[in-house]
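Here's the structure, in structure tokens; my notes come after.
What follows is calculated from the coordinates using simple rules that are stated; it is not laboratory data. Note that the structure is a prediction, hence the values are computed from the model and not measured. Every residue, glycine among them, receives a Cβ derived from its backbone with ideal geometry; neighbour counts consider all protein chains shown.
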């Protein structure tokens, strides 16, 4: 049995990729909450549209869906994001540089709609790719002799 909101979750990723965010009105509940936003949002489609506009237009993020699974009241999407660095977000000197970032998105569902979202993103790896942070020293991972 597949959660009926699985289609809505996948449609969110299509909307991000195309920038056609008006479809959110048909995908999320009126009181939808995005717990993964870096800034406060109003509930519902308008708030979700606000953060996803930032994701699409400012960060230039596009997603490739890698895996999807669901339960009775959850849909989980594992996806790879590609984006473009923005100095004001990622740090000075990152602007215009491409990066990839692994992500996991958990949606709580109500019927065929999405009611809540939690996002987990490898922002550390993205900042290392962008040169905003140094890569870990490989010597730190070498086994220590006794």
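Please give the FRET efficiency for residue 133 paired with residue 100, using the beta carbon to beta carbon distance and R0 = 25 Å, rounded to the nearest 0.05.
Efficiency at R0 = 25 Å is approximately 0.95.
Across every pair of different alpha-carbon atoms, what Kirkwood hydrodynamic radius in Å does the chain reach?
In the chain this quantity evaluates to 16.3 Å.
Using a simple spin-label model with points 7 Å from Cα along the Cα→Cβ vector, what separation in nm is obtained for residue 2 and residue 144?
Between residue 2 and residue 144, the simple spin-label model gives 5.1 nm.
How big is D for the stretch 29-73, in µm² s⁻¹ as a whole number, if Stokes-Einstein is applied with the Kirkwood radius of its Cα pairs at 20 °C and 1.002 mPa s?
D = 177 µm²/s.
Grab the beta carbon distance between residue 64 and residue 87, set R0 = 25 Å, and tell me the FRET efficiency rounded to 0.05.
Efficiency, from the Cβ-Cβ distance: 0.45.
If I model a spin label as a point 7 Å beyond the Cα along the Cα-Cβ vector, how far apart are those points for residue 22 and residue 71 in nm?
So the two model labels end up 3.7 nm from each other.
Once every DSSP H run of n ≥ 4 in the chain is given -39500 (n - 2.57) and the sum is divided by its residues, what mean residue ellipticity at 222 nm do you get, rounded to the nearest 500 deg cm²/dmol?
Helices in the chain give a 222 nm mean residue ellipticity of -6500 deg cm²/dmol.
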